[in-house]
Amino acid sequence: MRIGTKLIHSEGSIDKNTGALSTPIYQASTFHQFDIDNFGKYDYSRSGNPTRDVLENLIAELEGGDGGFAFASGMAAICSVLSIFSAGDHIVICGDVYGGTYRAVTKLFSRFNIQHTFVDASNLEEIRDAIKENTKGLYLETPSNPLLKITDIKDAVKVAKAKDIIVIVDNTFMSPLLQRPIELGADIVVHSATKFIGGHSDVISGLVVTKNKELSSEIRQIQNTFGAVLGPQDCWLLIRGLKTLKVRVLECQKNAEILAKWLQDRPEVEKVYYPGLEGHPGRESHLAQSYGGGAVLSFKFKSLEKTKHFLNNVENVGVAVSLGGVETIVSYPVKMSHAAIPREEREKLGVTDTLIRVSAGLEDIEDLIESFEKAIN
Ligand SMILES: *Cc1c(COP(=O)(O)O)cnc(C)c1O
């Protein structure tokens with residue numbers, strides 16, 4: 001089965017008891033045991049829930065992994081994954097990582113002596129140089145946020161595997177439709193399912209997929225111990241969101257491409273960052289490991305004045321934190337996703353106060369361009 005079909009006809013997509021074409025929401029915390037010597041498949045919903053099972057099996061299948069795990073947020077998923085490391089371990093992590101992950105690594109896991117080095121992960125040499133005796137993990141986002149930097153996943157995996165290092169990829173920006181890191185050699189994939197997988201700006205959620213039985217059993221244990229599981233109603237929203245992932249992401253991607261090219265030709269715009277654009281650094285690697293430039297782009301205005309004017313005047317889009325919704329979402333990284341990163345660090349990464357990120361939605365592109373044009377002028 002191809003991925004567009006898998007999204008809709010997953011195992012459990014038809015309810016075995018009733019034939020319902022929509023997965024039942026098992027709003028139950030606990031399950032009666034009919035035989036005290038042989039417990040049924042479910043006993044308590046932190047450990048397992050039938051609605052969550054359908055979602056977890058589906059995401060595992062979509063990413064081509066062994067196990068899937070649903071969490072209460074992307075950050076709960078990421079922090080649960082980082083909990084596989086122990087005191088004294090070291091991880092190499094991309095410098096322009098999601099702000100919440102930056103906070104988790106620098107403020108939370110550092111307290112448990114899990115050490116880290118930030119690198120420009122688009123540069124293989126920097127990754128290689130940062131690896132130490134105690135390095136146990138390599139954490140990547142590609143394309144990265146918000147400058148859409150590209151890491152060649154296969155190359156990075158080669159460097160990591162030579163040292164037995166676990167490769168974790170945050171695949172939020174691409175979704176399993178456009179990029180499947182496990183197929184490229186990664187060990188663990190994480191998602192903020194709040195974004196493209198949910199797709200309607202109505203649910204906070206996270207997903208993890210593991211490559212093999214050993215990692216699955218480790219993550220399952222952490223999920224059950226830490227307990228940041230996703231509730232059955234929210235699992236159902238993600239199952240529904242996934243059914244339209246293909247049409248949504250492909251259409252959003254088309255709009256992003258047109259918008260990126262249009263912005264590039266504007267005299268007020270200094271630079272456009274989009275992996276689908278000719279000349280974007282790492283474009284070749286990106287297109288070899290994925291199915292298109294994605295639906296997220298960033299751009300810089302030439303002046304702060306124009307930047308603020310645009311943000312305060314752009315109509316028919318959301319000006320908000322987040323991405324991956326049906327609506328176009330314009331965000332301002334220095335005050336939103338990257339506010340947790342100190343100014344100096346931020347500017348070194350190129351996240352300046354003239355930078356705007358756009359997650360293209362499903363609106364008619366002519367209207368989007370009209371909105372942007374009006375807000376620029
Ligand atoms: C939003 C986001 C997260 C965090 O996910 P939440 O669902 O908000 O907790 C992590 N990584 C990336 C790339 C994101 O965009």
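The values are calculated or read from the model by the stated rules, or taken from the named source; none is laboratory data. These figures come from a predicted structure and were not determined experimentally. Ideal geometry is used to build each Cβ from the backbone, glycine not excepted, and the neighbour counts take in all protein chains shown. Ligands, DNA and RNA are stripped out before the accessible areas are found, and what is left, the full protein with its side chains, is counted by its heavy atoms. Shrake-Rupley method; radii C 1.70, N 1.55, O 1.52, S 1.80 Å.
Which of the peptides 116-127, 181-192, 10-21 is most tightly packed, and how do the rest follow, going by the mean number of other Cβ atoms within 10 Å of each residue?
181-192, 116-127, 10-21
LYS163 to ASN17: extension gain in nm, 0.36 nm per residue of separation minus the Cα-Cα distance?
47.7 nm
Going by Cα centres, the stretch 1-30 and the stretch 260-277 are how many Å apart?
Computed from Cα coordinates, the inter-centre distance equals 42 Å.
Charges at C-beta only: +1 for Lys and Arg, -1 for Asp and Glu. How large is the resulting dipole of the stretch 36-118 about its Cα centre, in Debye rounded to 20?
480 debye
Explain nothing, just the number: dipole magnitude of the chain about its Cα centre with +1 on each Lys and Arg Cβ and -1 on each Asp and Glu Cβ, in debye rounded to the nearest 20.
Numbers: 41 positive and 48 negative charges, 69 e Å.
The dipole of the chain has a size of about 340 debye.
Tell me the mean residue ellipticity at 222 nm calculated for the chain from its helices only (DSSP H runs of n ≥ 4, each -39500 (n - 2.57), averaged over every residue, nearest 500).
-10500 deg cm²/dmol
If you take the Cα atoms of the stretch 246-376, find Rg, then find the Kirkwood Rh from the mean of 1/r over all pairs, what is Rg/Rh?
0.95
Report the one residue of GLY350, ALA295, SER371 whose Cα lies farthest in the direction of the positive end of the charge dipole of the stretch 246-376 (charges on C-beta: Lys and Arg +1, Asp and Glu -1; origin at the Cα centre).
Value computed over the given set: GLY350.
Rounded to the nearest 0.05, what FRET efficiency do ARG343 and SER29 give with R0 = 41 Å and r taken as the Cβ-Cβ distance? Could you check?
Values: r = 45 Å, r/R0 = 1.10.
Once rounded, the FRET efficiency stands at 0.35.
For the ranges 53-59, 251-257, what's the packing order if you count other beta-carbon atoms within 10 Å of each residue, average per peptide, and put the highest first?
Ranked by mean Cβ neighbours within 10 Å, highest first: 53-59, 251-257.
Quick check: at a probe of 1.4 Å, how many percent of the accessible area of the stretch 3-243 sits on carbon and sulfur atoms?
Heavy-atom surface of the stretch 3-243 belonging to carbon and sulfur, 1.4 Å probe: 51 percent.
Using the Karplus curve 6.51 cos²θ - 1.76 cosθ + 1.60 with θ = phi - 60°, what ³J(HN,Hα) values do you get for each residue of the stretch 89-97, in whole Hz, with x for Gly and Pro?
So the J values, rounded to whole Hz, are 6, 10, 10, 9, 9, 5, x, 9, 5.
As a test of understanding, state the convex hull volume per residue of the chain from its alpha carbons, in Å³.
Spread over its residues, the Cα hull of the chain gives 140 Å³ apiece.
If the viscosity is 0.890 mPa s and the temperature 25 °C, what translational diffusion coefficient in µm²/s does Stokes-Einstein give for the stretch 295-345 when Rh comes from Kirkwood over Cα pairs? It would help to have the intermediate numbers written out before the result.
On the way: Rh = 12.1 Å.
So the translational diffusion coefficient is about 202 µm²/s.
Which one of SER285, VAL334, HIS309 has its Cα pushed farthest toward the positive end of the charge dipole of the chain, where Lys and Arg give +1 and Asp and Glu give -1 at the Cβ?
Looking along the dipole axis, the top candidate is VAL334.
Among 219-226, 312-319, how do they line up by average Cβ neighbours within 10 Å per residue, starting with the highest?
219-226, 312-319
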